[in-house]
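Student: Pasting in a structure now, in structure tokens, and then I'll have a few things to ask.
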Amino acid sequence: MIAFTILGEPASKANSRKVATFGNLPPMLIKSDKARGYEKTALLQIPPVHRVRLAGPVRVTMRIFYASERPDLDESLILDVLQDRYTGKAPNRILVQAGVYQNDRQVREKHVYHAIDRKNPRTEIIVQSLAPQIDLISPQAPPAPGRRPRLPPLPLPSGFPTSSPSDPPTTERNPCAPDP
């Protein structure tokens, strides 16, 4: 389990974009100054001992303490901060800063809580590695491409009448039907 605190109030990534132009390129949306400032300071606050680059699925629990009720509860910028940082484009990407986990797509379970602390806005974070996921129904070979998996039949309760399409119809009264 990895646990630490990042001081400061995160900006909402969804509501804090701005339009920017770079030379002759078409206009694009980028993070606001507040979001980029938070990202910069948050990166400095992740303890080096926790930059372990977890692989596989993870669970993230966050309690975000805002200074007021105004901001939306939005953990997306924090999830971005916790992942590896690269420079360049594939296939020439270079890792410039290790994260708590490699990519925020690894987050399979999130627990995010909103709280108020007017004097000390912060985010308390817990990251846990999850065990590999298992098939909860039954271990079986994967279905053929384009086919849905066939599930095993459910066991019937004792005393439950069984029939097949070839059996003759029964004249037993349905106990759920109204009296004639």
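What follows draws every value from the coordinates through simple rules; no lab data is involved. Every value quoted in this text rests on a predicted model; they were computed, and no experiment measured them. Every residue, glycine among them, receives a Cβ derived from its backbone with ideal geometry; neighbour counts consider all protein chains shown.
Student: Collect the residues in segment 65-117 that are β-branched (Val, Ile, Thr) and surrounded by fewer than 17 Cβ atoms within 10 Å (Cβ to Cβ), keeping them in residue-number order.
Tutor: Matches in segment 65-117: 87, 94, 96, 112, 116.
Student: Of (1) surrounded by 14 or more Cβ atoms within 10 Å (Cβ to Cβ); (2) more than 16 Å from residue 129 (Cα to Cα); (3) free of Cβ contacts under 8 Å to residues at least 40 places away in the same chain, residue 37 satisfies all except one. Which?
Tutor: It is condition (1) that residue 37 fails.
Student: Another question, if that's okay. Just checking: which of the strands (runs of 3 or more DSSP E) contained wholly in segment 1-115 hold 3 or more residues that are of a type in the set (A, V, I, L, M, F, W, C) and closer than 20 Å to residue 125 by Cα?
Tutor: Answer list for segment 1-115: 2-7, 58-66.
Student: Quick check: is even one residue across segment 1-10 under 20 Å from residue 110 (Cβ atoms), touching a residue at least 24 places away in the same chain (Cβ under 8 Å) and exposed (fewer than 11 other Cβ atoms within 10 Å of the Cβ)?
Tutor: Yes; the residues of segment 1-10 include at least one that is under 20 Å from residue 110 (Cβ atoms), touching a residue at least 24 places away in the same chain (Cβ under 8 Å) and exposed (fewer than 11 other Cβ atoms within 10 Å of the Cβ).
Student: Still on this structure, I have one more. What number of residues within segment 65-102 satisfy the criterion of being among the aliphatic types (A, V, I, L, M) and within 16 Å of the chain's Cα centre (by Cα)?
Tutor: 7
Student: Suppose we keep only residues that are under 24 Å from residue 97 (Cβ atoms) and more than 25 Å from the chain's Cα centre (by Cα) within segment 18-34. Which one would you say is surrounded by the fewest Cβ atoms within 10 Å (Cβ to Cβ)?
Tutor: Here the residue is 22.
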